[in-house]
Amino acid sequence: MKFKSLAWPVVLMCGSASALLPSTLGQQIVGLQPGVKAPQIALVDQAGKPETFSTLTGPNGLLLLFFRSADWCPFCKGQLVNLQHAQKLFAAKGINVAGVSYDSPQVLAEFSQRKSITYPLLSDSGSKLIDAFGIRNVEATGAQAGIPVPGYYLIDKQGVIEKRFFEDGYINRLTANNVYQNIFGDVALPQPVRSLPSPHVVLTTMQSDKEVTPGELVRLVVTITPDQDTHVYAPGAEKDHYIVASLTLDPSNLYSVRPTIYPKSEMMHFPESNETEPVYTSKTTLDASVAATVSKETLAIFAKDPALHITGSLEYQACTSKVCFPRVKVPLSWTVQLTELDRVRAVAAKVN
């Protein structure tokens, strides 16, 4: 779908101006934490079929997405479609997926049919399950009263919460592929890995998603594999004035950036200097997540050019057991295609 021209003001993205929640950038992160038993599920899906934890869960558990509405929330609708695209990836790991909102079964059925959603969308019209998880948005009033703070719960086969994934703003949502990598450490590649010329290491880049709606968080990945008998310094070594491997994304008003995630390093002792420093000696993955900025100005830009270009650099200094090479700075770039926010309202909601 092309990103069509959007003339509607940004304050109307989640309904009318009067329905906009007081906080558009932040939300209180509440609810059940990992390690506790998840509440029992007894809801109907978009087809009116009764669902429980036992009917929903796969051999290795259930990924449960709480979302605000498949009627008036365009960010939710983009996230639901995104999860549909990743459903088979989770199924291959033995994990089923499902969504929960306060929408009626009719609203969920209409959206599912329009967007070809095949996994269960559960109607929690009384917000009982939302309250049981402790994630009701207490700021929501009027027609939005009862919506959850949006986010994912990963529940194991025994019904115990393993992980949870919530953002601090309702506009920003982790893509399903981003969640997949958080859980499994694997990257579900939508496009080929790019190899970049770089001395003394093998350097590749990839991304979790190639197409998203504005606001969804895409994970950008850089993999460093040092040559034999070669290491690069890890965060912590800068205290002794070593150049550490660092992934930096350039700032832009078109996207927001989450801090880079660095994996655990190993400690290496250097007898000549009697120092012990954190290093990477084998294949190492650095990653950071970005989201296209959602504002009246940026949406107008994306309407003209839906290709979001993200730039940055990787800096490192490679060393062997005998010599340290000069510092290297490699330019990086990724492109993410943006699709239009879904503003189609449900006929069933108007009827009800």
Set of aspartates and glutamates near residue 157 by C-alpha distance (under 16 Å), chain-local residues within fewer than 8 positions excluded: 51
GNM flexibility winner over the chain from 125, 289, 195 (Cα, springs under 10 Å): 195
HN-Hα J couplings of segment 332-341 from phi, Karplus 6.51/-1.76/1.60, θ = phi - 60°, integer Hz, Gly and Pro as x? 10, 7, 9, 10, 10, 7, 9, 9, 5, 5
Kirkwood hydrodynamic radius (C-alpha pairs) into Stokes-Einstein, segment 248-352, 4 °C and 1.567 mPa s, D in µm²/s: 72 µm²/s
Among 138, 222, 336, whose mean-square fluctuation peaks in a Gaussian network model of the chain (Cα, cutoff 10 Å)? 138
Residues whose modelled amide H sits under 5 Å from the amide H of residue 100, counting only those 5 or more places away in sequence or on another chain, are 65, 66, 67, 122
Would you pull out the residues with amide H under 5 Å of residue 202's amide H, same chain only if 5 or more places away, H placed 1.01 Å from N? 225, 227
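Suppose every Lys and Arg Cβ carries +1 and every Asp and Glu Cβ carries -1, with no other charges. What dipole size does the chain come out with about its Cα centre, to the nearest 20 debye? Don't skip to the end; give the middle numbers.
Numbers: 31 positive and 31 negative charges, 201 e Å.
Using only the charged Cβ atoms, the result is roughly 960 debye.
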Expected output is a single nm value to one decimal: the length gained when fully extending between residue 138 and residue 114, i.e. 0.36 nm times separation in residues minus the C-alpha distance. What is it? 5.6 nm
Ratio of Rg to Rh for segment 192-253, alpha carbon only, Kirkwood? 1.05
Once you put a point 7 Å from the Cα of residue 33 and another 7 Å from the Cα of residue 273, both along the Cβ direction, what distance in nm separates them? 3.9 nm
In sequence order, calculated HN-Hα J values of segment 230-244 (Karplus, 6.51, -1.76, 1.60; Hz; x Gly/Pro): 9, 9, 10, 7, 9, x, x, 6, 5, 5, 9, 6, 8, 7, 8
Work out from phi, with θ = phi - 60° and the Karplus expression 6.51 cos²θ - 1.76 cosθ + 1.60, the ³J(HN,Hα) of each residue of segment 119-131, listed in order in whole Hz, and give x for Gly and Pro. 8, x, 10, 9, 8, 10, 4, x, 6, 5, 6, 4, 5
Taking r as the C-beta separation of residue 202 and residue 304 and R0 as 30 Å, the FRET efficiency to the nearest 0.05 is 0.20
Mean shadow area of segment 143-296 over all directions, Cα convex hull, nm²: 13.8 nm²
Take the Cα radius of gyration of segment 157-216 and divide it by 2.2 N^0.38 Å, with N its residue count; two decimals is plenty. 1.47
Given the options 107, 30, 44, which has the most mean-square fluctuation in a GNM of the chain, springs set between C-alpha atoms less than 10 angstrom apart? 30
Once amide hydrogens are built 1.01 Å from N within the peptide plane, the residues lying 5 or more places from residue 41 or on another chain with amide H under 5 Å from its amide H are 53
Within segment 311-352, whose backbone N sits under 17 Å from a point 7 Å along Cα→Cβ of residue 125? 346-352
Please give the contour-minus-distance gain from residue 158 to residue 347: 0.36 nm per residue of separation, less the Cα-Cα distance, rounded to one decimal in nm. 64.2 nm
With a sphere of radius 14 Å drawn around the Cβ of residue 116, what net charge do the other residues whose Cβ falls strictly inside it have (Lys, Arg +1; Asp, Glu -1)? +2
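If the viscosity is 1.306 mPa s and the temperature 10 °C, what Stokes-Einstein diffusion coefficient in µm²/s follows for segment 38-87 when Rh is the Kirkwood radius over Cα pairs?
128 µm²/s
Considering only the other residues whose Cβ falls under 9 Å of the Cβ of residue 102, what net charge follows from Lys and Arg at +1 and Asp and Glu at -1?
Once positives and negatives cancel, what remains is -1.
Quick one: accessible area per residue over segment 203-282, 1.4 Å probe, rounded to a whole number of Å²?
47 Å²
When the chain is fully extended, how far beyond the present Cα-Cα distance does residue 261 get from residue 313, taking 0.36 nm per residue of separation? Present the calculation step by step, with values, prior to reporting the outcome.
Details: separation 52, 0.36 × 52 = 18.72 nm, distance 1.47 nm.
Length gained, residue 261 through residue 313: 17.3 nm.
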Could you pull the Rg and Dmax for the chain, using just the Cα atoms, both in Å? 22.4, 78
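The values are calculated or read from the model by the stated rules, or taken from the named source; none is laboratory data. As the structure is a prediction and not an experimental result, all values here were calculated from the model. When we count neighbours, we look across all protein chains shown, and the Cβ atoms used for this are built from the backbone with ideal geometry, even at glycine. For the accessible areas, the whole protein counts, side chains as well, though only heavy atoms, and no ligand, DNA or RNA atoms are used. Shrake-Rupley method; radii C 1.70, N 1.55, O 1.52, S 1.80 Å.
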